[in-house]
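Peer 1: Sharing a structure, written as structure tokens. Questions coming.
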Amino acid sequence: MRSQIFKTKCNTTEKVFIFLLTLSLLFLAYKVFCEQITIQNVFIFLLLTGLFLVLTFLAYFDFKKMEVHNTTSLYLLISLAILNILLYLIFKDSTGIRVIGEWVYNPYNNMIGAIVLGSIFQLIVLISKEKALGQGDVRIALITGLLIGMSNLLEWGYITIFSALIYGLILAFKKKKFKNLKIPLLPFMVLGILSVLLLVL
Amino acid sequence: MKGYIALTTVLVILPLLLLAGINSLYKSTTTLIVAKMSYDYGILKSNSETCLEEAVYKIKRGSAYTGTFNLLGDSWSCTVTITNKDGFTGVKIIDILSSDENGTLYKTIKELNTNTDPFEISNI
């Protein structure tokens, strides 16, 4: 019965999003619990699951409406900014906080990453007068910087730009239109964030 | 808030990203090469101490000893030349040239005074 609802109510886009989310959560569970199951690991798993869900929702919303969900993205940005500032003030001299496995959360590195990526995106928005890039993507760029940090920006950039390019080219060939073709960037940014986070874990 | 990117922008960003990637790759490669050279140098320097010890040992066994000898290790070798210092009796000059299989060279010259007990060794 439930599978029937899934088949009838979900179209291909939703199925792809659900599949990718499930895959990333399974991979996350494997990465977090492969060594041992502790209360700290469970807490981190729940925190990251929540984050993955929010990011996937934002990606889905952008994919459907070509818009960034205002309140969700704003709350996420504020909470991440507060978290990074607090951690920076608490562990000022530290080179980073080892969260789990190989993942070291470095608030200073993250804030630098957010400023650099946010500035580049804002510059593109200002120069092109929002024709080349949407203002909403700047907010997600800040969130990206705060999540993955400066040191992982290049890997994230590769994943994001190449996946967006492949999707854009497929769409362009389908529509037979290259000029003024706009594609949602947020799903690919989220794909980049999830990939980078899962790789560094 | 708008959340899109023009395909043209993606195409413009791509070469910039590739350039940044290539730059990063070159930097990493250079760092690796420098680190390897530094490591090799450290190992060779440590090995050349063995040659110095051998030279001092030879002089201790026979204080008149002068000449050249080679020491061969697994992946390194050194040539030690011992000469008397002109005008100074009992003072020897030890010239050590070490090299490894990667072509790293380490040259050091020491002065050994055998008139004192224990011997005094100093850099030139």
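Peer 1: Any residue at all in the range A:168-175 that's crowded, with 24+ Cβ neighbours inside 10 Å, charged (D, E, K, R) and over 24 Å from B:SER28 (Cα atoms)?
Peer 2: no
Peer 1: Is there a residue in the range A:41-51 that is surrounded by fewer than 17 Cβ atoms within 10 Å (Cβ to Cβ), at pLDDT 90 or above and either touching a Lys or Arg at 6+ places or on another chain (Cβ under 9 Å) or closer than 22 Å to A:ILE183 by Cα (or both)?
Peer 2: No, because not a single residue in the range A:41-51 is surrounded by fewer than 17 Cβ atoms within 10 Å (Cβ to Cβ), at pLDDT 90 or above and either touching a Lys or Arg at 6+ places or on another chain (Cβ under 9 Å) or closer than 22 Å to A:ILE183 by Cα (or both).
Peer 1: Also, quick follow-up: Kindly provide the set of residues from the range A:10-39 that are over 20 Å from the mean Cα position of the chain (by Cα) and touching a residue at least 40 places away in the same chain (Cβ under 8 Å), ordered by number.
Peer 2: The answer is A:GLU35, and nothing else.
Peer 1: Which condition does A:PHE63 not pass, out of (1) within 30 Å of A:LEU133 (Cβ to Cβ); (2) more than 14 Å from chain B (Cβ to nearest Cβ), if it passes all the others?
Peer 2: A:PHE63 satisfies every listed condition except (2).
Peer 1: Report every pair of residues separated by at least 6 positions or lying on different chains whose Cβ atoms are under 6 Å apart, first residue within the range B:83-106 and free of Cβ contacts under 8 Å to residues at least 40 places away in the same chain and of a type in the set (Ser, Thr, Tyr), second in a strand (DSSP E or B) and surrounded by 12 or more Cβ atoms within 10 Å (Cβ to Cβ).
Peer 2: B:THR83/B:ILE93
Peer 1: What is the one condition in (1) within 14 Å of A:ILE148 (Cα to Cα); (2) at pLDDT below 90 that A:ILE115 does not satisfy?
Peer 2: (2)
Peer 1: Next question. Does the range A:57-102 hold any residues that are polar (S, T, N, Q), out of contact with any strand residue (DSSP E or B) (no Cβ under 8 Å at 6 or more places or on another chain) and farther than 19 Å from A:GLU14 by Cβ, and which are they? Walk me through it before giving the result.
Peer 2: Filtering the range A:57-102 for residues polar (S, T, N, Q) gives A:70-73, A:79, A:84, A:94-95.
With out of contact with any strand residue (DSSP E or B) (no Cβ under 8 Å at 6 or more places or on another chain) added as a condition, the list becomes A:70-73, A:79, A:84, A:94.
Of everything in the range A:57-102, those that are polar (S, T, N, Q), out of contact with any strand residue (DSSP E or B) (no Cβ under 8 Å at 6 or more places or on another chain) and farther than 19 Å from A:GLU14 by Cβ turn out to be A:ASN70, A:THR71, A:SER73, A:SER79, A:ASN84, A:SER94.
Peer 1: For the range B:3-13, indicate whether the set of residues that are farther than 30 Å from A:ILE124 by Cβ, among the aromatic types (Phe, Trp, Tyr) and free of Cβ contacts under 8 Å to residues at least 12 places away in the same chain is non-empty.
Peer 2: From the range B:3-13, those farther than 30 Å from A:ILE124 by Cβ are none; that's our starting set.
Checking the range B:3-13: not a single residue is farther than 30 Å from A:ILE124 by Cβ, among the aromatic types (Phe, Trp, Tyr) and free of Cβ contacts under 8 Å to residues at least 12 places away in the same chain.
Peer 1: Then there's this: Considering (1) among the aromatic types (Phe, Trp, Tyr); (2) buried (at least 16 other Cβ atoms within 10 Å of the Cβ); (3) in contact (Cβ under 8 Å) with a residue 40 or more places away in the chain, say which one B:TYR41 fails and leave the rest.
Peer 2: Condition (2) is where B:TYR41 drops out.
Peer 1: If only one of B:SER77, B:SER63, B:SER48 is under 15 Å from the mean Cα position of the chain (by Cα) and in contact (Cβ under 8 Å) with a residue 40 or more places away in the chain, which one is it? Lay out the reasoning, then the answer.
Peer 2: Working: B:SER77 fails: in contact (Cβ under 8 Å) with a residue 40 or more places away in the chain; B:SER63 fails: under 15 Å from the mean Cα position of the chain (by Cα).
B:SER48 is the lone residue from the list that is under 15 Å from the mean Cα position of the chain (by Cα) and in contact (Cβ under 8 Å) with a residue 40 or more places away in the chain.
Peer 1: Check B:THR8 against each of (1) under 30 Å from A:THR72 (Cα atoms); (2) touching a strand residue (DSSP E or B) at 6+ places or on another chain (Cβ under 6 Å); (3) in a helix (DSSP H, G or I) and name the one condition it does not meet.
Peer 2: So the condition that B:THR8 fails would be (2).
The values are calculated or read from the model by the stated rules, or taken from the named source; none is laboratory data. Note that the structure is predicted; figures quoted are calculated from it, not measured. Backbone-built Cβ (ideal geometry, glycine too); neighbour counts: all protein chains shown.
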